[in-house]
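What follows is a set of notes on a single structure, which appears directly below.
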Protein chains: 2
Amino acid sequence: MTRSITLLGATGSIGASTLDLVRRERDKWRVVALTANCQAAELAALAREFGAEIAVVADERCLAELREALAGSDIEAAGGAAALVEAASRGADLTVSAIVGCAGLAPTMAAIEQGGMIALANKEALVSAGEVMTAAVERHGATLLPTDSEHNAIFQCLQAGRIEDVRAITLTASGGPFRDWSHEQLKAATPAQALKHPNWDMGAKITIDSATMMNKGLEYIEAHRLFPVGLEKIRILVHPQSVIHSMVEYRDGSTLAQLGPSDMRVPIASCLAWPGRMNTPCAPLDLAALGTLSFFAPDEERFPATRLAREAAEAGGAAPAVLSAANEVAVAAFLAGKVEFTRIALLVAETMAQLHCPAPQTLSEVLAVDAEARRVAAGMLEPA
Amino acid sequence: MTRSITLLGATGSIGASTLDLVRRERDKWRVVALTANCQAAELAALAREFGAEIAVVADERCLAELREALAGSDIEAAGGAAALVEAASRGADLTVSAIVGCAGLAPTMAAIEQGGMIALANKEALVSAGEVMTAAVERHGATLLPTDSEHNAIFQCLQAGRIEDVRAITLTASGGPFRDWSHEQLKAATPAQALKHPNWDMGAKITIDSATMMNKGLEYIEAHRLFPVGLEKIRILVHPQSVIHSMVEYRDGSTLAQLGPSDMRVPIASCLAWPGRMNTPCAPLDLAALGTLSFFAPDEERFPATRLAREAAEAGGAAPAVLSAANEVAVAAFLAGKVEFTRIALLVAETMAQLHCPAPQTLSEVLAVDAEARRVAAGMLEPA
């Protein structure tokens with residue numbers, strides 16, 4: 001039996017991992033839509049390889065190139081935000097939502113409205129638009145399968161019990177490259193130093209988020225949206241080896257943990273084959289070779305980002321969207337050499353303190369909060 | 001809704017843990033039968049407390065005392081092997097099989113024949129009578145819930161996938177008190193030294209089995225019976241802290257692990273409430289306080305017991321029963337100061353080499369193999 005799949009964000013890292021897995025079991029999949037921002041040639045090649053029904057570039061300026069690259073095939077070509085939403089609305093059995101940033105919100109929402117399975121890799125969907133998005137999931141009977149390694153781990157651990165029997169959910173965090181640094185050292189940390197992540201090979205923004213631990217803060221908010229056990233039951237644990245991806249403790253004292261290599265194909269495979277399993281080429285776990293796993297309580301004095309995220313989650317409404325948008329502005333400023341590393345969290349805190357928007361009820365209200373938070377955060381970067 | 005429960009072996013350690021949990025949710029349970037070997041007064045007190053339908057002592061000589069202790073109540077009193085089987089045949093929703101040794105085989109089989117749920121703590125059932133027992137489980141549609149912390153962990157981890165998708169099952173082992181000892185040191189090890197187990201408080205026989213790692217060998221055979229993934233997929237990993245109780249790796253590279261305190265109430269609670277969960281008074285897992293988990297490959301040169309168990313499992317038929325019986329004789333001889341610690345495994349190996357019985361087809365054939373293996377092993381202890 002074949003399953004149909006749409007991949008929103010086919011040319012990024014999640015897209016590549018997903019297609020690597022689909023390629024290995026080519027006959028089990030029918031590809032509906034593949035999308036990219038503007039990588040027309042690459043997208044066209046993938047659409048041809050996988051026999052996609054439609055290929056879409058988000059940036060309309062790249063449509064001509066896409067059309068040309070698809071000439072002679074019977075694959076549709078389309079461009080622009082509305083085309084993205086139309087492609088996502090075609091209703092695949094599984095939609096992988098892997099567009100980075102707020103651009104992914106509308107097509108993800110369109111896929112949710114079809115009521116199928118959504119493998120969710122877009123963080124903004126749950127952080128900024130969390131309440132709007134989960135309400136839509138409920139309304140349309142869609143199934144969210146988290147692809148983040150941590151949330152996918154929790155999702156797997158929850159197969160061994162019922163959510164009402166959960167006593168605690170523990171998100172593990174590598175602690176980033178500055179785990180042992182003093183506050184003074186952190187003040188002087190450079191972008192080059194922050195970009196050296198110990199375990200995962202990721203983009204620049206998310207690697208800086210890992211160094212500030214804002215990445216874990218955002219995941220904390222996501223976990224709160226995905227797994228409604230109550231904020232007080234969600235914890236963060238520093239685990240430098242990142243072998244245990246996350247854990248769920250039940251009320252009888254049993255803790256289920258999911259472990260694996262730092263390879264996104266593992267959680268993606270679990271979404272693609274869910275509720276079954278599929279082969280991946282990932283090496284088996286060898287704990288004897290690893291020797292030791294270590295664990296530390298997080299230090300929110302040196303790394304206040306997780307505290308800010310918890311405050312945003314507690315406040316609810318617009319606060320998580322403000323946190324996420326302000327953080328993007330602050331990280332960009334740090335990468336551009338405009339602010340110190342330790343100023344990232346301060347900028348986020350200041351933006352949150354200054355901006356009090358009403359809770360967004362629709363996607364466009366979410367986008368308005370996002371824009372306003374970026375404006376306020378950017379304003380703080382200007383000389384007074 | 002109440003569930004009915006029978007507890008075979010109510011006065012032992014598993015029995016006490018089970019009743020501690022039942023006591024906490026007294027209104028959810030109806031107690032059918034409680035049994036003991038000969039602790040008549042203690043058994044009668046428990047039968048009165050839990051309002052049991054019948055109390056049985058395995059040793060008929062203790063029946064008079066039991067009758068006296070139950071005088072004036074409407075609780076039936078019975079004694080002897082046949083009464084044990086009769087009590088187990090009364091068909092409770094859940095039967096906890098916690099009688100130690102071969103005495104537990106017949107009543108466990110009687111419970112299996114009722115087709116209910118069997119929480120299995122009796123090791124001999126699966127090691128010595130494994131093929132006979134699992135065939136009966138299949139035939140009568142019974143459900144085996146393993147209570148051993150390792151097998152219970154595997155059972156929980158298997159909730160996240162299908163057995164045909166399992167790539168490996170890893171049983172963790174504390175490594176025992178002699179984990180770092182040289183062969184020369186092992187030769188001189190005393191019973192008092194062997195009885196100091198680092199993590200679990202258990203009986204003498206099982207603590208010595210932990211020191212030789214035969215305990216893990218027996219668990220390996222049990223795992224092979226409970227989880228038919230093939231012997232080559234079952235592994236042993238030394239993990240001195242015993243926090244991870246066991247693991248299951250799926251073919252996509254996801255490993256599920258179950259972690260918890262060294263408290264038998266955790267796996268027993270998981271059986272009692274299965275497929276739900278119930279509260280236990282066990283402390284939450286605090287990995288940050290633990291700090292480190294470590295892992296080592298087992299050393300079968302110094303600890304050959306797991307190799308012997310693998311050979312017995314590969315041979316099948318009578319071999320596991322011979323291994324288990326010879327080991328009991330050898331451990332008793334070590335505890336009595338008659339043989340060196342390192343001779344335990346040698347005696348088992350020699351008995352296995354000497355004795356080649358046909359595969360037992362019935363419980364009485366299993367018991368005959370057991371008796372013959374004890375005779376042969378004991379003979380090896382005599383001066384030539």
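Here is a check on your reading of the model: is A:S242 on the phi > 0 side of the Ramachandran plot, in contact (Cβ under 8 Å) with a residue 40 or more places away in the chain and either surrounded by 21 or more Cβ atoms within 10 Å (Cβ to Cβ) or at the interface with chain B (Cβ under 7 Å from one of its Cβ atoms) (or both)?
yes
Test each condition in (1) under 30 Å from A:C157 (Cβ atoms); (2) more than 14 Å from chain A (Cβ to nearest Cβ) for B:G175 and report the one that comes out false.
(2)
Given B:A353, B:A289, which one is surrounded by fewer than 24 Cβ atoms within 10 Å (Cβ to Cβ), at pLDDT 95 or above and in the same structural domain as B:G203 (by TED's automatic domain parsing)?
Working: B:A353 fails: in the same structural domain as B:G203 (by TED's automatic domain parsing).
Criteria check complete, one pass: B:A289.
Taking into account only those residues within the stretch B:277-295 that are touching a Gly at 6+ places or on another chain (Cβ under 8 Å) and small (G, A, S), which is farthest from the other protein chains (Cβ to nearest Cβ)?
Restricting to residues being touching a Gly at 6+ places or on another chain (Cβ under 8 Å) and small (G, A, S), the top hit is B:A283.
Restricting attention to the stretch A:296-304, does a residue exist that is of a type outside the set (D, E, K, R), surrounded by fewer than 24 Cβ atoms within 10 Å (Cβ to Cβ), within 10 Å of another protein chain (Cβ to nearest Cβ) and in contact with a Gly (Cβ under 6 Å, 6 or more places away or on another chain)?
no
Of everything in the stretch A:109-148, what is surrounded by fewer than 23 Cβ atoms within 10 Å (Cβ to Cβ), of a type in the set (S, T, N, Q) and in contact with a strand residue (DSSP E or B) (Cβ under 6 Å, 6 or more places away or on another chain)? Give them in sequence order.
Scanning the stretch A:109-148 gives a single hit, A:T143.
Here's a check for you: in the stretch A:151-164, which residue that is open to solvent by less than 10 Å² (accessible area, probe 1.4 Å) and not hydrophobic (A, V, I, L, M, F, W, C) is nearest to the other protein chains (Cβ to nearest Cβ)?
A:Q156
Quick one: which helices (runs of 4 or more DSSP H) lie wholly within the stretch A:1-116 and hold at least 1 residues that are closer than 30 Å to A:V132 by Cα?
Answer list for the stretch A:1-116: A:13-24, A:81-88, A:105-112.
Test of understanding: among B:A45, B:A10, which residue is small (G, A, S), in the same structural domain as B:A129 (by TED's automatic domain parsing) and surrounded by fewer than 21 Cβ atoms within 10 Å (Cβ to Cβ)?
Just one listed residue meets the conditions, B:A45.
Looking only at the stretch B:182-194, count how many residues are without any contact (Cβ under 8 Å) to a residue 24 or more places away in the chain and either among the hydrophobic types (A, V, I, L, M, F, W, C) or crowded, with 24+ Cβ neighbours inside 10 Å (or both).
1
So which of A:A16, A:A88, A:A33 is open to solvent by 20 Å² or more (accessible area, probe 1.4 Å), modelled with pLDDT of 95 or more and under 21 Å from the mean Cα position of the chain (by Cα)?
Criteria check complete, one pass: A:A16.
Please tell me if A:R179 is of a type in the set (D, E, K, R), within 30 Å of A:G337 (Cβ to Cβ) and buried (at least 16 other Cβ atoms within 10 Å of the Cβ).
yes
Within the stretch B:112-135, is there a residue that is over 30 Å from A:S270 (Cα atoms) and within 14 Å of chain A (Cβ to nearest Cβ)?
Yes: one or more hits.
Only one of (1) open to solvent by 20 Å² or more (accessible area, probe 1.4 Å); (2) modelled with pLDDT of 95 or more; (3) assigned to a loop (DSSP other than H, G, I, E, B) is not met by A:R235, so which one is it?
With (1) open to solvent by 20 Å² or more (accessible area, probe 1.4 Å); (2) modelled with pLDDT of 95 or more; (3) assigned to a loop (DSSP other than H, G, I, E, B) applied to A:R235, the lone miss is (3).
Being under 20 Å from the mean Cα position of the chain (by Cα) and polar (S, T, N, Q) is the filter here; which residues of the stretch A:274-319 pass it?
Result: A:T306, single match.
Being of a type outside the set (D, E) and open to solvent by less than 70 Å² (accessible area, probe 1.4 Å) is the filter here; which residues of the stretch B:54-63 pass it?
B:I54, B:A55, B:V56, B:V57, B:A58, B:C62, B:L63 - these are the residues of the stretch B:54-63 that are of a type outside the set (D, E) and open to solvent by less than 70 Å² (accessible area, probe 1.4 Å).
Given the conditions (1) surrounded by 18 or more Cβ atoms within 10 Å (Cβ to Cβ); (2) in a loop (DSSP other than H, G, I, E, B); (3) not charged (D, E, K, R), report the number of the one that B:P320 does not fulfil.
(2)
Out of the residues in the stretch A:246-262 that are more than 22 Å from A:E164 (Cα to Cα) and facing chain B (nearest Cβ under 7 Å), state the one that is surrounded by the most Cβ atoms within 10 Å (Cβ to Cβ). Can you show your working first?
Residues of the stretch A:246-262 that are more than 22 Å from A:E164 (Cα to Cα), as a first pass: A:259-262.
Next cut, facing chain B (nearest Cβ under 7 Å) only: A:259-261.
Details: A:L259: 26, A:G260: 29, A:P261: 21.
The selected residue is A:G260.
Determine which single condition A:A189 fails, assuming it passes every other condition in (1) among the hydrophobic types (A, V, I, L, M, F, W, C); (2) in contact with a strand residue (DSSP E or B) (Cβ under 8 Å, 6 or more places away or on another chain); (3) away from chain B (no Cβ under 14 Å).
So the condition that A:A189 fails would be (2).
Among (1) in contact with a helix residue (DSSP H, G or I) (Cβ under 9 Å, 6 or more places away or on another chain); (2) surrounded by fewer than 19 Cβ atoms within 10 Å (Cβ to Cβ); (3) assigned to a helix (DSSP H, G or I), which single condition is B:C271 missing?
(2)
Kindly check whether there is at least one residue in the stretch A:212-223 that is at pLDDT 95 or above, open to solvent by 30 Å² or more (accessible area, probe 1.4 Å), out of contact with any Ser or Thr (no Cβ under 8 Å at 6 or more places or on another chain) and away from chain B (no Cβ under 14 Å).
No: zero hits.
For the structure I just gave you, tell me whether B:V266 is of a type in the set (A, V, I, L, M), in contact with a strand residue (DSSP E or B) (Cβ under 9 Å, 6 or more places away or on another chain) and either free of Cβ contacts under 8 Å to residues at least 40 places away in the same chain or away from chain A (no Cβ under 12 Å) (or both).
Taking the combined requirement at face value, the residue does not satisfy it.
What about B:R167, is it under 29 Å from B:Q258 (Cβ atoms), modelled with pLDDT of 95 or more and in contact with an Asp or Glu (Cβ under 6 Å, 6 or more places away or on another chain)? First the steps, then the outcome.
Values: under 29 Å from B:Q258 (Cβ atoms): yes; modelled with pLDDT of 95 or more: yes; in contact with an Asp or Glu (Cβ under 6 Å, 6 or more places away or on another chain): yes.
Answer is yes for this residue.
Looking at the structure I just gave you, is A:E328 under 16 Å from A:G217 (Cβ atoms) and open to solvent by 10 Å² or more (accessible area, probe 1.4 Å)?
The answer is yes for A:E328.
Quick check, is A:V376 under 21 Å from A:N215 (Cβ atoms), touching a residue at least 12 places away in the same chain (Cβ under 8 Å) and outside the structural domain of A:R235 (by TED's automatic domain parsing)?
No.
The values are calculated or read from the model by the stated rules, or taken from the named source; none is laboratory data. A quick note: this is a predicted structure, and the numbers were derived from the prediction, not measured. Every residue, glycine among them, receives a Cβ derived from its backbone with ideal geometry; neighbour counts consider all protein chains shown. Protein only, heavy atoms only, side chains kept; ligands, DNA and RNA dropped before computing areas. Shrake-Rupley method; radii C 1.70, N 1.55, O 1.52, S 1.80 Å.
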